Amino acid sequence: LASGWFDYLNIRINGAPYHRELLAGQRKFTDPQVKAVFDRWKTLLPYFDKQATAIPFQDAATQLFQGRTAMMLIGTFVADTAPKDILEDIDFFQVPIIDPSVPVAEEGPTDGFFASAHSSHVAGTKEFLKYVATAEAQELYVKASTSTILPVNLQAKGNGSALVDKGKKLLADAKEITQFFNRDSSDALQPTADTALVKFFNQPDQVDSIQKDWQSAAEKVWQS
């Protein structure tokens with residue numbers, strides 16, 4: 001989840017267009033704009049769990065449900081694994097605005113249904129994909145999943161939960177929508193972020209070398 005923190009701080013400080021350009025190789029991880037992200041992040045580190053990099057998000061979520069952790073950065077899907085008796089005690093808030101002059105962007109990853117181009121049942125596959133895009137199918141999916149999924153069909157209704165309604169409004173009010181790090185870049189670039197950001201978490205005084213190493217690793221991905 002370290003890259004999620006980087007995503008949010010970057011879109012809050014430098015904006016979504018810069019963030020996309022950075023992940024596409026049109027900017028550099030050695031940019032002063034990236035240094036500004038790390039500088040801001042340093043001010044937050046005293047509030048992080050010192051063992052954060054060694055804890056799977058599932059275990060971190062359990063700590064949250066048990067009241068041993070105050071909050072965590074994660075998608076609302078985490079509510080699916082929460083004990084039913086504490087669901088009403090779970091809420092989220094918008095990542096605070098840092099620079100009011102930067103258009104507000106939010107992370108809103110989109111999942112979809114895909115089919116193989118080599119399917120032996122092309123006509124039936126296309127009919128199925130057409131169906132799952134309908135409001136009827138998406139409402140059934142949301143209801144069956146008992147989750148905080150937001151249907152992408154504008155005519156489909158959510159499951160009526162407070163988290164879903166709040167999330168829908170948050171995205172509707174955003175000026176821009178970004179995905180998560182690997183979705184806005186690639187799975188190949190994700191490990192470069194993991195390495196850089198975990199090192200930063202453990203050695204925040206090594207920002208300059210971290211940025212240089214990250215750029216070098218990223219260039220190998222972009223040039224491959």
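The values are calculated or read from the model by the stated rules, or taken from the named source; none is laboratory data. What you see is a predicted model; the values in this text were computed from it and never measured. FYI the Cβ positions are ideal-geometry reconstructions off the backbone, even for glycines, and counts take in every protein chain you see. We work out accessible area using only protein heavy atoms, side chains counted, and drop any ligands, DNA or RNA first. Shrake-Rupley method; radii C 1.70, N 1.55, O 1.52, S 1.80 Å.
Assorted remarks:
- Calculated FRET efficiency, Ala162 to Phe128, Cβ-Cβ distance, R0 = 35 Å: about 0.60 to the nearest 0.05.
- Legend: residue pairs Lys143/Lys169; Lys35/Lys220; Lys84/Lys175, Cα-Cα distance threshold 30 Å; pairs beyond threshold, Lys84/Lys175.
- Surface share of carbon and sulfur [accessible, 1.4 angstrom probe, percent] for the chain: 56 percent
- Paramagnetic reach from Ile74 in segment 131-175 [backbone N under 14 Å; point 7 Å along Cα→Cβ]: 148
- Highest average packing first - 42-50, 179-187, Cβ atoms within 10 Å: 179-187, 42-50
- On a per residue basis, the chain carries 61 Å² of accessible surface, using protein heavy atoms and a 1.4 Å probe.
- Here Ser119 and Ser145 are evaluated by their C-beta separation; at R0 = 30 Å the FRET efficiency comes out at 0.75.
- Summarising the label geometry, the points placed 7 Å from Cα in the beta-carbon direction at Lys175 and Asp187 lie 3.5 nm from one another.
- Largest-first principal axis extents of the Cα set of segment 83-174 (Å): 51, 39, 23
- About its Cα centre, the dipole of segment 1-116 is roughly 580 debye, where the only charges are +1 on Lys and Arg Cβ and -1 on Asp and Glu Cβ.
- 16 Å Cα-Cα reach of Lys42 towards lysines, excluding residues that sit fewer than 8 places from it in its own chain: Lys50, Lys199
- Rounded to the nearest 20 debye, the dipole size of segment 91-224 about its Cα centre is 440 debye, using +1 on the Cβ of Lys and Arg and -1 on the Cβ of Asp and Glu.
- Modelled label positions at Thr81 and Ala54, each set 7 Å beyond Cα in the direction of Cβ, lie 2.0 nm from each other.
- MRE, 222 nm, helices only [DSSP H, n ≥ 4, -39500 (n - 2.57), over the chain, to nearest 500]: -14500 deg cm²/dmol
- Highest mean packing first, where packing is the average number of other Cβ atoms within 10 Å per residue, the peptides 74-81, 196-203, 121-128 line up as 196-203, 74-81, 121-128.
- Anisotropy class of segment 1-124 from Cα gyration tensor, a/c 1.5 cut: oblate
- Estimated dipole of segment 56-126 in Debye, rounded to 20 [Cβ of Lys and Arg +1, of Asp and Glu -1, Cα centre]: 320 debye
- Estimated FRET transfer efficiency (Asn153, Ser209; beta-carbon r; R0 41 Å; 0.05): 0.30
- Calculated semi-axes √(5λ) of the Cα gyration tensor in Å (choose from (1) 32, 24, 17; (2) 35, 26, 14; (3) 25, 21, 17), label: (1)
- Partner aspartates and glutamates for Lys28 [C-alpha distance under 17 Å; skip if fewer than 8 residues away on the same chain]: Asp7, Asp39, Asp184, Asp194, Asp208, Asp213, Glu219
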